[in-house]
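Each remark here refers to the structure printed beneath this line.
The values are calculated or read from the model by the stated rules, or taken from the named source; none is laboratory data. Remember, it's a predicted structure, so these values are computed and weren't measured experimentally. Here Cβ is always computed from backbone atoms with ideal geometry, including for glycine, and neighbour counts include all displayed protein chains.
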Amino acid sequence: MIEDKLKKTAIFTGIFVALSLSIMFYRAATKSVMIAEAGDAYKTNVGDIRQYDLRFDKPDKDSEEGVLVIPLESGVTSDNIQFVEKHARHQFVLYINGKTPDFYSNNSVISDLECIESGTYAPLNDKGMVCLTFELDGLYQNETSLGDGEINVSFNKPDYESENVVVIDPMDEIGVQMIPYIKTALGNDDIILYFTTLDDHLAGDEEVMGLIKDSQADFYIQLGVDDTRESDSGIRTYYNDRFFIRGFGNVQLADKLEMNLAKAAECNALGLAAADESNQKLSYSVVPSAFATIGNINNRVDLERLGKDSYIEKCAEGLAEGIRTSFSINSPIADEPESDGK
């Protein structure tokens, strides 16, 4: 009986070793381990943290062209690295959990890419956690992988001719909280999402208008809470009434979002309303646009709902379904919007 157990243990050990070696050899052969997008814990706003200029060296003749190469300390793995694309600000940001905070003061990044305007690093603690920020000259999609002791990043101009593109603009903390749930809800859809912010930095008018233009967005959607009379409880969606867009326009988008949000959240649909002129980002958008509010901060029932992750998740799922429905009904017409004279 003991011999049988020893045999089983030996077999399982052999299988484990074989799998481990297979993974190791695969990684060694490809030298290309994908780096994950940053989670909430890494979305640190480094605006108030001292930043230092990165040193840039030109690549040698044998180096791969069109790639940004970032050196890493020994022992840093893909588990210690995450990235964030700050689309509205044209920034590519890396969080690296290294060993020494001054590593990038002594080591250069390698690149001759014209799309990179500048680069900085900011030590986030005294244990080696750093934030690298690269300023780009426009909107790019990146491909990021881990090589042998280095990160390789390539930047490509998006091609939107056959893509469905949505710019989502969180207007407050609740809007930001919805982001990961929206990504999950639309993760398997053929829809490109651009978020104007991922943290407490709310995008300005110029940043938003620039992102809508650069991304060739089909829809622009604001997310957040409402601030109306105390008796209002539920979902209300505001639309851009400054421009009339032929075909599937502002009112149609707002209607589909409102309907699906209220259904998913299981609460009242308070109806559509024209956006106030003070909301310039919505008023001056020239693509179908709406501001979906998922509760009224002055209402006790709504305030209680907004404090629950389960409610935020339901609203995100409803928004996702509203976006799907909007694209399935009628693709936006590319004609120039016409002013209604207001």
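The single condition among (1) closer than 30 Å to residue 137 by Cα; (2) at pLDDT below 95; (3) surrounded by 18 or more Cβ atoms within 10 Å (Cβ to Cβ) that residue 204 does not satisfy is (3). With respect to residue 198, determine if the residue is hydrophobic (A, V, I, L, M, F, W, C), modelled with pLDDT of 95 or more and either surrounded by 18 or more Cβ atoms within 10 Å (Cβ to Cβ) or under 17 Å from the mean Cα position of the chain (by Cα) (or both). Judged against the criteria, residue 198 is not a match.
Just one of (1) of a type outside the set (Gly, Ala, Ser); (2) assigned to a helix (DSSP H, G or I); (3) surrounded by fewer than 16 Cβ atoms within 10 Å (Cβ to Cβ) fails for residue 246. It is (2).
Can you find a residue that is farther than 19 Å from residue 244 by Cα and not charged (D, E, K, R) anywhere in region 270-284? Among the residues of region 270-284, at least one is farther than 19 Å from residue 244 by Cα and not charged (D, E, K, R), which makes the answer yes.
Can you tell me which of 221, 212, 191, 182 is surrounded by fewer than 18 Cβ atoms within 10 Å (Cβ to Cβ), among the hydrophobic types (A, V, I, L, M, F, W, C) and touching a residue at least 24 places away in the same chain (Cβ under 8 Å)? Full working, then the answer.
Working: 221 fails: surrounded by fewer than 18 Cβ atoms within 10 Å (Cβ to Cβ); 212 fails: surrounded by fewer than 18 Cβ atoms within 10 Å (Cβ to Cβ); 182 fails: surrounded by fewer than 18 Cβ atoms within 10 Å (Cβ to Cβ).
Selected residue: 191, the only one of 221, 212, 191, 182 that is surrounded by fewer than 18 Cβ atoms within 10 Å (Cβ to Cβ), among the hydrophobic types (A, V, I, L, M, F, W, C) and touching a residue at least 24 places away in the same chain (Cβ under 8 Å).
For region 226-284, enumerate the residues that are over 26 Å from residue 202 (Cα atoms) and touching a Pro at 6+ places or on another chain (Cβ under 6 Å). 245, 248 - these are the residues of region 226-284 that are over 26 Å from residue 202 (Cα atoms) and touching a Pro at 6+ places or on another chain (Cβ under 6 Å). When restricted to residues that are touching a residue at least 60 places away in the same chain (Cβ under 8 Å), in a helix (DSSP H, G or I) and surrounded by 19 or more Cβ atoms within 10 Å (Cβ to Cβ), region 270-305 contains 3.
Residues in region 140-153 that are out of contact with any Phe, Trp or Tyr (no Cβ under 6 Å at 6 or more places or on another chain), part of a loop (DSSP other than H, G, I, E, B) and not small (Gly, Ala, Ser): 148 alone. Within region 126-139, the set of residues being assigned to a loop (DSSP other than H, G, I, E, B) and buried (at least 19 other Cβ atoms within 10 Å of the Cβ) comprises 139 only.
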